[in-house]
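Just so it is clear, none of the values below were taken in a lab; they were calculated from the coordinates. Owing to the predicted nature of the structure, the values given are computational and were not obtained by experimental measurement. Glycine also receives a Cβ, built like all others from the backbone with ideal geometry; neighbour counts cover every protein chain displayed.
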Amino acid sequence: MAEQLENHGKSVEEKRELTCIGCPLGCPLTVELSGGTPVRVMGNTCKKGEEYAIKEVTNPERILTSIVRVTGGSGAVISVKTTAGVPKGCIPQCMKEIHACTVKAPVRIGDILIKNIAGTSADVAATRAME
């Protein structure tokens, strides 16, 4: 699977080097772009590599982990994470919403503490319980 995308005669204007996180192999990837559009992915050994590379150069997303303040609980904060990746450009707004959030105990693992954070369709869920 050395080359998945067709170049169609487009000149390569940019190359980006990535390490794939789609599976445990961690393949070194090279993405060739023309006009900001991926035209070729090289180095992947599975389909996940191509999918990851294209998404990473066109619309990168990240799972966010953080803490939220808790009142009436056995501790002052609880760990949280987003239920899906959020666009990198939305991270500052997401973190602003997370830092502004305070919840009341009890909290259970998996409780949704913030729905649709920053309009991204991702929720923020508790990753531990607190009585």
What residue, of Gly119, Gly49, Gly72, Gly110, is buried (at least 18 other Cβ atoms within 10 Å of the Cβ) and either closer than 24 Å to Glu13 by Cα or small (Gly, Ala, Ser) (or both)? Gly49
Considering only residues that are in contact with a strand residue (DSSP E or B) (Cβ under 8 Å, 6 or more places away or on another chain) and either among the β-branched types (Val, Ile, Thr) or surrounded by 14 or more Cβ atoms within 10 Å (Cβ to Cβ) (or both), which ones fall in the stretch 18-33? Leu18, Thr19, Cys20, Cys27, Leu29, Thr30, Val31, Glu32, Leu33
Of the listed residues (Pro28, Pro87), the one being free of Cβ contacts under 8 Å to residues at least 24 places away in the same chain and not charged (D, E, K, R) is Pro28
If I filter the stretch 60-70 for residues that are farther than 30 Å from Ala105 by Cα and part of a strand (DSSP E or B), do I get at least one hit? yes
